[in-house]
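Peer 1: This is the structure, below, for whatever I ask next.
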Amino acid sequence: MALWPRSPTAKPEGEGSAPGPASRASLGLEQFSEVIKETEHPAVLDLGCVWQATVSFFTRLGCKVYTEDLFAHLDAALFHSPPTAPPLAERFLSSILQYPASSFRGIVVWDLFDYLPEELHQPLSARLYDLLEPGGALLLLTHNRQEAGPFLRFRILDAKTLELVPAALALRPERVFSNRAVLTLFSAYRSSRTFVGRDNLREFFLVK
Amino acid sequence: MWGNKKPPEFSSNPSSRENPSSSAAPEPRPAPEPRGARGLARLGRTLSLKGELAGNEDLALDGEFEGTVELNDASLTVGSQGRVQADIRAREIIIDGTVRGQLRATDRLMITKNGNVVGDLVAARVVIEDGAYFKGSIDIQKPGDAKPARTEGAGDSFRIAPVPVAAKDKLQ
C-alpha cells in the first residue's frame, strides 16, 4: 500500500494499484437518498470527481447532478499554483461553488474537510450551508485516525454501498476531526446524525 | 470571495495531473471515426474556426472551434487534440478532447477518459469513462421529455457563419 506522499509513478485514477477498490456499507447515504427523493427533480452537488456509477445513481433518483471536484481543485491550489499566486484561501475559495443560494437539495462532501487547511474550514462550511435549500441534506465523511494510505475517492454503487477507489492525488489528511469539532463546524444545521463504520470512517448526515 | 466571476483554471485538466504519464507530450490521436452512413466532415487539428456551424452530417473536430454547433440527427466527435468552446446540439456527442459550453444530445453523450468538459449536459444517456474530468451539471432527458431539436436552417451540408477571430479570444 502506498504511503504519503504518493509516488510520482502512482497509477492514474481508476487504475490504482493494489489493493484496488473496496466497498463499504453507508447508512448516511441511505438517509441522504431519502431526503433527496422527497422532491421532484432535485439538484444534487457532488464535490468529488465524476464517476459514471455516481451519476447513474443520482439520475435514477430523478436528480440533476452537479459535479465540482474540489479535491482536484484543492490539489491544484496547494501543489500546482505559481509562486506568485494569491494566498491559498483567496485562490481556492474565489473560484469554486459559483451557484446561487439554496441551489441544492443535497450536497455530498465526502471526506474533503480532512484534507483542507484549517483556514478553509469555516468559509467552506458556511458556503455549503448557503447553497443548500431548507430541508436539504449534506453528507460528510471523516476519518477516525490519520493513517498512511492511498488517497481514496468515493463512488456510489447503490443507496447503501460506497466504493473506495485509490487515486493519484497528492493530498494528505490535515487533521482528524472529533465529532464535536464537526458538529461545531456545522452547528447551523437543524439536525445531524453520525454513523461510525468499522473502517475508521464516520459519516455525518446533516439536514438544514 | 464568492463572486460570480469565472473561476481561474489552475491547470487545464486536473485528471491529467493525476496521471504522471500524461506529463509527456501525448501523441496526437485523430478523433474516433463516427459511425453511420452519412458523410463525415472534419476540422483538422491545425485549423481554428469561430462561428456558427449547422448541418446534418457527422462531424469530427480535431482543431479549435468557438461558437455554436447544431447537428440535429448527426454525431459530433471532439478528438483528443480538439479544443471547443461552444453550445452544441447533436444526436450524439463524443468528447475525447476539451470542451466548454452547453451540450445537448438527443441520444448519447460520452466523455472518454481523456475528455475534459466544463459545462451543462443534457442527454438521453450519458457515458463517462473513469479518468474523465467534468465540472458542471448533468440532466437526463429521454426523447419524450426533450424539447424538439431546432431544424431551422438544417441541411445536408454544413452552414458556417464565420466571425472575426481576435487572437486574445482564442481558447486558453
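A short reminder: the numbers here are calculations on the coordinates, not readings from a lab. In this text, all values refer to a predicted model and were calculated from it rather than measured experimentally. For neighbour counting, all protein chains shown are included, and Cβ atoms are generated from backbone atoms with ideal geometry for every residue, glycine included.
Peer 1: Consider all pairwise Cα distances in region A:22-207 and report the whole-number % of them above 19 Å. Mind dumping the intermediate values first?
Peer 2: Working: 9661 of 17205 pairs.
When all Cα pairs of region A:22-207 are counted, 56 percent exceed 19 Å.
Peer 1: Take the Cα coordinates of region A:156-208, assign each an equal point scatterer, and use the Debye formula without solvent to give log10 I(q)/I(0) at q = 0.16, 0.18, 0.31 Å⁻¹.
Peer 2: After summing over all Cα pairs, the log10 values are -0.68, -0.84, -1.19.
Peer 1: Between region A:166-190 and region A:29-56, what's the alpha-carbon centroid distance in Å?
Peer 2: If you average the Cα positions of each part, the centres end up 20 Å apart.
Peer 1: With viscosity set to 0.692 mPa s and temperature to 37 °C, compute the Stokes-Einstein D of region B:32-150, Rh being the Kirkwood radius across alpha carbon pairs; µm²/s, no decimals.
Peer 2: On the way: Rh = 13.7 Å.
Answer, rounded: 239 µm²/s.
Peer 1: Would you please state which residues of region A:20-54 a label at residue A:199 would reach in this model, taking the label point 7 Å out along Cα→Cβ and a backbone N cut-off of under 11 Å?
Peer 2: What the label zone holds, given the 11 Å backbone N cut-off, is A:20-26.
Peer 1: P(r) of region A:126-193 in 5 Å steps, Cα pairs, percent per bin?
Peer 2: P(r) over region A:126-193, rounded to whole percents: 3, 12, 19, 18, 22, 20, 5, 1.
Peer 1: Sort A:203, A:133 so that the residue with the fewest other Cβ atoms within 10 Å of its own Cβ comes first and the one with the most comes last. Present the calculation step by step, with values, prior to reporting the outcome.
Peer 2: On the way: A:203 23, A:133 16.
Least crowded to most crowded, the residues run A:133, A:203.
Peer 1: Sticking with the crude label model, points 7 Å out along Cα→Cβ, report the distance from residue A:101 to residue A:119 in nm, one decimal please.
Peer 2: In this crude label model, residue A:101 to residue A:119 measures out at 2.7 nm.
Peer 1: Beyond 18 Å between alpha-carbons counts as too far, so tell me which of A:64/B:142; A:64/B:135; B:113/B:135 fall in that bin.
Peer 2: none
Peer 1: Once Lys and Arg get +1 and Asp and Glu get -1 on their Cβ, which of A:200, A:186, A:85 lies farthest toward the positive end of the dipole of chain A?
Peer 2: A:200
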